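Here is the structure we will look at.
The values are calculated or read from the model by the stated rules, or taken from the named source; none is laboratory data. Keep in mind that this is a model prediction, so the values were computed, not measured. So basically every Cβ, Gly included, is an ideal-geometry build from the backbone, and we count neighbours across all protein chains shown.
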Ligand SMILES: Cc1cc2nc3c(=O)[nH]c(=O)nc-3n(C[C@H](O)[C@H](O)[C@H](O)COP(=O)(O)OP(=O)(O)OC[C@H]3O[C@@H](n4cnc5c(N)ncnc54)[C@H](O)[C@@H]3O)c2cc1C
C-alpha cells in the first residue's frame, strides 16, 4: 500500500495543533493509503514551543484562558482541562484561578500542550497511524511539485509528500550591527536565563515598549533586578490594560456588511481610511461627537498618568477604543483579506501601533507591576528612539533620540518582539528556502500564501505541497499572535491537506 508522509516542522503550539487535528481527522475518516506523521522539533521539549516554554511563573498568558483551547471551535477546552486537573493546578500554582477570564502562567499552558500531544500520540498508535517525533532541526529543503525533501542538521534527509512549516515566533535579526557587542541580548526568550547574567544593580536599556518589553521587565524583576530600566521605542506607546471581565461592544458601523456595501457601491478596493472612519463612527456613538481625534494620540504623553487612567477605565469596563478593538476579534481576518497588499502595509504603518496597544493589551497583574516601577522611579519609557550603536571606547550603547539627545547604557536587551519580515526571521531553513525562491516575501510580513488553505506560494514550483502556519503568514493572516485564531486556520489547512491526499487535487 502506498504511504504518504506528512512532516510538521516545529513542535510548538501550532505544530502540536496541526498534529492533533491531523490525528483526529485521520482516526475519524481513515485514508486508503497509510499515513505517517513526522513532527520535528529542534529543542528537547515537544509542545510548549518558545511561547509557552518559559519556566518563569510571572510570565502570564496575554489571552484569557477561555480562548486558549487547542481544538478548533472548542475555546474552553483549556479551562475544562484545568478543572479536570484542579488538584495539580492548586498544588503547583496556588495563585492560579480557574475560570474563562483568568490570565494564567504560560508554563501551565505548556503542560496542557504536552499532555494533549501525548494523548494524541497514543490515540494514533491505537489506530495504527505511524507517528515519529524527531528531535531535529530542518535547516534546508528542496521542493518539487509533489515532494518536499527536508535537510536535517544531523545530515539526514526526510522526504515528505506534504510539509508544514510551523517554525513559530522567531527572534528578529533587526540590529545585526550589535550582534557582536558584549552585553547585547538579542532576544529575551526563552525564559530569560541569559538575562540572569546582567548584574542586578546595573542600568539596562530595552528596545521596545510592547508586550515583549513588558514581559522582559517582569523577567528582570523576578530575577531580583534593582537597577534602573529604560524602555525605548519609536513611538513610546505602552499597551493598555485588559479589562478582567467580558465587556461586549455592539458595533453598528464597523461591520462586514457595511464594508462590503461600501466596496460594491463605490466599485473600488477597501482602504485603511475607510476602516478608520467606521471605527470612529462606532466610537462616537458611545463617546459622543469628538472634534479633535488627534488629541487621542498618546505619543509623548506622561506614562504614569496614562496608566492610572487606563486602570480606572479598564476596571470600570469603559475603555471604548479597547472594547471596540477587542470586539473585532472575529471580524479582523475577513476584513484583512479584503485589503490589498499595499493597503495592508498602509494600515500597519499608519494605524498599527495605535491598534496594537488597544488590541494586545497587558494583563492587569503586569500593569500593577509596571505602575509600581514607574512610581518608584525604577522605570522610564522613552519615545522617539531612532538609532542605537555600541561605542567601543566607552563600553556603552548609545541610544539616539529624535530630539538629538543621546543616552548611554552598559546593557541592552532587544525586546522588540518576534520578527515580522521573513528576511529578519533568524531561522536557517526559512532563509535557505527564500534564497532558492521557494518562498515569496509578503510586504506586510511573512510570506505569500493562500489565506484559506495556508498553502504557501512557491514561485519556483507553483504546485508544491508546502504549507505554513503562524507568524510565517502574518502578512496574509494578521492575527497570528492568538492561539484560537491559529487553531481555526489549522482546522482549514488540515481539511485541505487530507482532501488533497484523498482526491489528489491541488489548489
Ligand atoms: C512569548 C510569547 C507569548 C505569547 N502568549 C500568547 C498568549 O498568551 N495567547 C495567545 O493566544 N498567543 C500568544 N502568543 C502568540 C503565539 O505566537 C501563538 O499563539 C502560538 O502559540 C505560536 O505557536 P508556534 O508553534 O507557531 O510558535 P513557537 O512557540 O515559537 O514554536 C515554534 C517551534 O518550532 C521550533 N522550530 C523552529 N524552526 C524549526 C526548524 N527549522 N526545525 C525544527 N524545529 C523548529 C522552535 O524550536 C519552536 O519550539 C505568544 C507568543 C509569544 C512569543
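Structure notes:
- Being under 20 Å from the mean Cα position of the chain (by Cα), under 15 Å from residue 167 (Cα atoms) and buried (at least 19 other Cβ atoms within 10 Å of the Cβ) is a property that residue 481 has.
- Conditions (1) surrounded by fewer than 16 Cβ atoms within 10 Å (Cβ to Cβ); (2) more than 20 Å from the chain's Cα centre (by Cα); (3) touching a residue at least 12 places away in the same chain (Cβ under 8 Å); number of the one not met by residue 312: (3)
- Where a residue in segment 292-308 is in contact (Cβ under 8 Å) with a residue 60 or more places away in the chain and not assigned by TED's automatic domain parsing to the domain that holds residue 353 and its partner, wherever it lies, is surrounded by 11 or more Cβ atoms within 10 Å (Cβ to Cβ) and outside any helix (DSSP H, G or I), with Cβ under 7 Å and at least six apart: none
- Comparison of 257, 269 shows that the only residue that is on the phi < 0 side of the Ramachandran plot and either without any contact (Cβ under 8 Å) to a residue 60 or more places away in the chain or out of contact with any strand residue (DSSP E or B) (no Cβ under 8 Å at 6 or more places or on another chain) (or both) is 257.
- All of 73, 97, 84 fail the test of being out of contact with any strand residue (DSSP E or B) (no Cβ under 7 Å at 6 or more places or on another chain) and touching a residue at least 40 places away in the same chain (Cβ under 8 Å), apart from 73.
- So residue 401, is it within 16 Å of the ligand (Cβ to nearest atom) and at pLDDT 95 or above: no
- Residue, farthest from residue 230 (Cα to Cα), within segment 411-439, restricted to residues that are part of a loop (DSSP other than H, G, I, E, B) and touching a strand residue (DSSP E or B) at 6+ places or on another chain (Cβ under 6 Å): 438
- When restricted to residues that are part of a loop (DSSP other than H, G, I, E, B) and within 16 Å of the ligand (Cβ to nearest atom), segment 137-182 contains 13.
- Whether a residue is closer than 27 Å to residue 68 by Cβ, surrounded by 15 or more Cβ atoms within 10 Å (Cβ to Cβ) and free of Cβ contacts under 8 Å to residues at least 60 places away in the same chain was assessed, and residue 336 does not pass this test.
- Selected residue (only one of 379, 430 is within 16 Å of the ligand (Cβ to nearest atom) and either surrounded by fewer than 21 Cβ atoms within 10 Å (Cβ to Cβ) or touching a residue at least 60 places away in the same chain (Cβ under 8 Å) (or both)): 430
- Tallying residues that are more than 30 Å from residue 51 (Cβ to Cβ) and either in contact with a helix residue (DSSP H, G or I) (Cβ under 6 Å, 6 or more places away or on another chain) or outside any strand (DSSP E or B) (or both) within segment 374-409 yields 12.
- Candidates 14, 43: the one that is at pLDDT 90 or above, within 12 Å of the ligand (Cβ to nearest atom) and crowded, with 19+ Cβ neighbours inside 10 Å is 14.
- Filter pass, residue 109 being within 9 Å of the ligand (Cβ to nearest atom), part of a helix (DSSP H, G or I), within 24 Å of residue 479 (Cα to Cα) and in the same structural domain as residue 492 (by TED's automatic domain parsing): yes
- Checklist (1) touching a strand residue (DSSP E or B) at 6+ places or on another chain (Cβ under 6 Å); (2) within 15 Å of the ligand (Cβ to nearest atom); (3) in the same structural domain as residue 64 (by TED's automatic domain parsing) applied to residue 213, failing item: (3)
- Within segment 462-472, the set of residues being within 15 Å of the ligand (Cβ to nearest atom), touching a strand residue (DSSP E or B) at 6+ places or on another chain (Cβ under 6 Å) and closer than 23 Å to residue 501 by Cα comprises 466, 467, 468.
Residue-by-condition table, conditions (1) within 30 Å of residue 387 (Cβ to Cβ); (2) over 20 Å from the mean Cα position of the chain (by Cα):
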{"residue": "417", "(1), (2)": "yes, no"}
{"residue": "437", "(1), (2)": "no, yes"}
{"residue": "446", "(1), (2)": "yes, no"}
{"residue": "463", "(1), (2)": "no, yes"}
{"residue": "470", "(1), (2)": "no, no"}
{"residue": "501", "(1), (2)": "no, yes"}
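- Segment 183-207: number of residues that are in a loop (DSSP other than H, G, I, E, B) and in contact with a strand residue (DSSP E or B) (Cβ under 7 Å, 6 or more places away or on another chain): 7
- Selected residue (only one of 52, 103 is touching a residue at least 60 places away in the same chain (Cβ under 8 Å) and either surrounded by fewer than 22 Cβ atoms within 10 Å (Cβ to Cβ) or more than 15 Å from the ligand (Cβ to nearest atom) (or both)): 103
- Failed condition for residue 244, given (1) farther than 21 Å from residue 427 by Cβ; (2) buried (at least 18 other Cβ atoms within 10 Å of the Cβ); (3) within 16 Å of the ligand (Cβ to nearest atom): (2)
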